[in-house]
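Take a look at the structure set out below.
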Amino acid sequence: MTAEPPPPGPVSADGPAWAAGTDAPTPGEVLANLGDVVVVIAADLRVAAINDAAASLLGEPPGAIIGRSALDLIHPDDLDEAVALLDRYQSGVEIARPSIRLNRGGDPTLAVELIARRLERDGGTWFVFSGRVEPTLNTEDLMDGVGVGIVMWDESGTITESNRTAAALLGDEHSVMPRRVQDLAGRFCDPDDPSSARHLLLDDLGDRAHRHRLGVVDVHGDLHVVDLEIRPFRMRYSGRSTALMALRDVTSEHAARAALISRATSDDLTGLTNRGEFMSVVDAAIADGPVGVLYCDLDRFKSINERYGHVEADRLLLEFARELVDSLPAGCTIGRPGGDEFAVAFPTADFAELAELAETIRDAARRAGLQTLHLTTTVSVGTSWTSGGQEPDGNADSPNAAALVEEADEALRRAKRTGRDRAAHFDSVMRSWRTDQTAMAAAVREHLDAGRVEIAVQPVVDPRTGRVSGGEALARIRDAEGQLVPAALWIEAATRTGLIGAVDEQVVDLTASLIAELHRHHDRSGRPPVDLPVIGVNLSDSTLARPDLDDWLLEVLGSHGAPLDHLVIEIPETVFPVIRDRSAEALRRLKERGAWVAIDDFGVGYASLAEVRDLPVDTLKVDRSFVVAEPGTTHEAILRASLEMARALECRSVAEGVETDRQLDLLLGLGVDYVQGYLTGRPLAADAFVEHAAEHTGVVSGPTQAR
Ligand code: C2E
Ligand code: MG
Ligand code: MG
């Protein structure tokens with residue numbers, strides 16, 4: 001670039017003239033001796049004329065260049081631009097400061113920048129390219145080298161200069177800038193939202209500099225964030241008013257800053273609102289009026305993590321987050337407080353809407369599982385609601401985010417406890433229940449101290465003969481009225497307070513005593529010897545992790561004189577991966593000595609065929625959720641697959657929670673070995689079970705109707 005380029009445009013016979021005295025050299029002689037490079041190209045892109053400077057730059061005699069395609073002489077990087085430029089010139093479009101580089105054999109150090117002019121004469125069109133050979137860095141290089149985009153324009157709004165950086169941001173696909181600065185005015189947008197345009201007033205030179213941070217979408221569709229400064233000034237030599245726009249590309253800086261802000265308020269993995277921010281949003285929403293909170297937790301996520309690894313599990317979380325964003329209505333704030341927990345806040349006075357949102361969330365989880373891991377993943381949801389002041393029933397409400405979220409979490413835990421894959425709402429019943437949980441843990445402790453934990457034993461029945469082939473010992477405590485309290489209501493409290501190991505100890509002791517009693521009873525009855533029922537115990541993961549697992553069980557059974565081959569160790573499928581390495585050896589030793597090993601709640605923990613095969617397992621207890629499945633659902637398919645898997649592994653299958661004849665018929669059709677459920681027998685007190693088993697041992701009739 002030199003000082004002021006002449007305004008681009010055709011040079012006609014009426015245009016700039018050649019003035020010379022009679023004794024002056026001819027224009028041809030001047031051209032030949034000119035230090036500047038001059039090349040004239042015809043409309044068909046052939047070289048029509050060339051001076052010595054240009055020929056020596058190209059390293060060939062002028063005669064060898066004349067008539068050749070001009071494209072051979074152009075710097076390879078500029079070929080596209082040159083073709084576009086000539087195209088435009090031919091169709092009469094003028095552009096700002098057109099320039100291309102000419103060079104020898106692709107040697108970029110010998111490049112010269114040429115300024116093109118159009119020359120029309122006698123109906124023909126030529127392009128005159130001229131430029132100065134500058135062995136050192138020229139102003140153009142300098143302008144390009146600073147890494148800042150520069151655009152200059154004059155009072156008429158005509159762009160007089162621009163560098164490559166600016167052209168890459170604001171030019172067309174060939175980095176060609178428009179001729180008028182007004183054409184740039186509509187190119188800018190909000191740096192964070194390309195769809196919202198920011199119109200700049202560029203034609204008024206004004207008298208003060210101004211700065212903006214704006215977005216600009218380049219021809220490739222990429223958004224760049226630029227710090228833009230527009231500054232009017234006066235040219236040093238000509239004194240003409242001009243304006244200069246400097247553009248600094250701050251895209252990565254801007255993104256880093258945005259990430260910093262978002263890291264403080266959002267979750268790294270999903271980009272959803274994080275816990276702190278979610279609380280602030282809920283607090284603000286409560287101040288505005290009624291709001292509902294939905295707290296959700298993917299069911300058995302721990303197993304998924306164990307089984308598929310963190311990367312796959314993260315993929316599921318991410319997809320679930322995406323599904324939530326896509327399917328929940330506008331106005332919802334979606335957060336991920338941590339792990340596999342998600343939270344949604346929705347300002348609504350309509351209670352029914354929360355139930356609908358809970359269903360939407362459950363559908364989203366299902367889709368996310370299928371799309372990522374090809375699994376039917378389920379989610380449990382807890383909801384809570386506040387009027388922002390007073391609840392409809394007149395109860396004092398808890399109008400702060402922490403309390404509301406805690407209540408939704410409490411409801412979530414109830415949804416989990418009552419079978420997962422469902423939504424539960426926090427209501428006044430739960431409010432009293434919350435106090436009950438603490439009371440419950442205290443009651444368990446009291447029962448343990450006094451050795452008053454009991455067992456109820458539920459029959460396991462062969463559905464083809466009605467024979468009681470086994471039983472499951474289920475832990476029970478009694479409430480203040482002396483009623484037995486089912487394990488489902490307090491086992492979680494015992495687990496949370498670290499009491500579960502002590503519960504297991506008392507249950508194993510009672511079970512050993514039961515097995516011994518079954519033997520004695522049988523001997524006393526004088527009946528013909530038949531197989532006595534085997535009794536299952538549920539062992540928690542902390543019990544299974546006991547280093548003395550086998551010695552301890554052998555000792556307890558031995559102390560009661562109970563044979564080990566009548567004990568079934570039930571391991572929930574969800575703790576299966578956790579205990580796999582730690583307890584496998586102890587279980588193997590126990591099995592060698594006759595004990596049975598069952599996987600409990602099979603189907604919910606996604607254990608693979610290989611994993612089950614590697615453990616000394618002989619019984620699969622298919623979870624109740626699959627037994628109650630409607631025909632044609634994925635649950636029914638899992639039921640089928642579980643029973644087939646049992647057969648393939650040569651394991652006995654037990655279907656849990658059979659309540660209706662229809663379920664039993666289906667199971668019989670699918671070839672189940674044993675059933676356990678209210679239909680064939682509710683849990684009985686230990687001595688009642690001994691009687692019941694004696695009556696139904698060896699019976700050959702239809703299914704028992706003991707209820
Ligand atoms: P589980 O091992 O799957 O036991 C079966 C549960 O399903 C029992 O509930 C039983 O009463 C219930 N059930 C049986 N048939 C039906 C039916 O037809 N319909 C319905 N709706 N339910 C049925 P329970 O006794 O409340 O035990 C719940 C869970 O607590 C057990 O599930 C087991 O995981 C755990 N548990 C029970 N006793 C102990 C124990 O001594 N130690 C440990 N660690 N966990 C225990
Ligand atoms: Mg069990
Ligand atoms: Mg079970």
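The values are calculated or read from the model by the stated rules, or taken from the named source; none is laboratory data. All of these numbers come straight from a predicted model, not from anything done at the bench. Cβ placement follows ideal geometry from the backbone for every residue including glycine, while neighbour counts extend to all protein chains displayed. Remember, those area values only see protein heavy atoms, side chains included, never the ligands or the DNA or RNA. Shrake-Rupley method; radii C 1.70, N 1.55, O 1.52, S 1.80 Å.
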All conditions in (1) farther than 18 Å from ASN538 by Cβ; (2) modelled with pLDDT under 80; (3) within 14 Å of ligand 1 (Cβ to nearest atom) are true of VAL604 except (1)
Is there a residue in the range 450-467 that is within 16 Å of ligand 3 (Cβ to nearest atom) and open to solvent by 50 Å² or more (accessible area, probe 1.4 Å)? no
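In the range 574-636, which helices (runs of 4 or more DSSP H) lie fully inside it and hold 3 or more residues that are charged (D, E, K, R) and away from ligand 2 (no atom under 16 Å from the Cβ)?
Numbers: elements: 576-592, 609-614, 624-627.
The qualifying helices (runs of 4 or more DSSP H) are 576-592, 609-614.
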Among (1) open to solvent by less than 80 Å² (accessible area, probe 1.4 Å); (2) at pLDDT 80 or above; (3) of a type in the set (D, E, K, R) - the single one GLU4 does not satisfy: (2)
Pair list, Cβ under 7 Å, 6 or more apart: the range 595-606 residue closer than 11 Å to PHE576 by Cβ and open to solvent by 10 Å² or more (accessible area, probe 1.4 Å), other residue away from ligand 3 (no atom under 14 Å from the Cβ) and not basic (Lys, Arg): TYR606/SER303; TYR606/ILE304; TYR606/LEU375
May I ask you to list the residues in the range 570-590 that are within 11 Å of ligand 1 (Cβ to nearest atom) and of a type in the set (A, V, I, L, M)? ILE571, VAL575
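Please find, within the range 526-541, the residue that is surrounded by the most Cβ atoms within 10 Å (Cβ to Cβ) out of those that are of a type in the set (Gly, Ala, Ser) and modelled with pLDDT of 90 or more. Step through it out loud before you land on a result.
To start, the set of residues in the range 526-541 that are of a type in the set (Gly, Ala, Ser) comprises 526, 536, 540.
Subset that is modelled with pLDDT of 90 or more: 536, 540.
Values: GLY536: 26, SER540: 17.
Ranking the candidates gives GLY536 first.
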Go over the candidates THR574, THR619 one by one and state the one that is within 14 Å of ligand 3 (Cβ to nearest atom), of a type in the set (Ser, Thr, Tyr), in the same structural domain as GLU656 (by TED's automatic domain parsing) and in contact with a Cys (Cβ under 7 Å, 6 or more places away or on another chain). THR619
Checking ARG580 against (1) under 37 Å from the mean Cα position of the chain (by Cα); (2) under 30 Å from ALA443 (Cβ atoms); (3) open to solvent by 20 Å² or more (accessible area, probe 1.4 Å), which single condition isn't satisfied? (2)
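Sort through ASP409, ASP462, ASP421 and tell me the only one that's modelled with pLDDT of 80 or more, assigned by TED's automatic domain parsing to the domain that holds THR376 and within 30 Å of GLY671 (Cβ to Cβ).
Answer to the check: ASP421.
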Considering the range 48-92 alone, what residues qualify as being of a type in the set (Val, Ile, Thr) and closer than 15 Å to GLY131 by Cβ? ILE50, ILE74
Report, ordered by the first and then the second residue, all pairs with beta carbons closer than 6 Å, sequence separation of six or more or different chains, a first member in the range 25-50 that is at positive phi, and a second member that is in a strand (DSSP E or B). LEU45/SER69
Exception for ARG164 within (1) open to solvent by less than 50 Å² (accessible area, probe 1.4 Å); (2) touching a helix residue (DSSP H, G or I) at 6+ places or on another chain (Cβ under 7 Å) falls at (1)
Does at least one position in the range 273-285 carry a residue that is in a strand (DSSP E or B), touching a strand residue (DSSP E or B) at 6+ places or on another chain (Cβ under 6 Å), open to solvent by less than 50 Å² (accessible area, probe 1.4 Å) and of a type outside the set (A, V, I, L, M)? yes
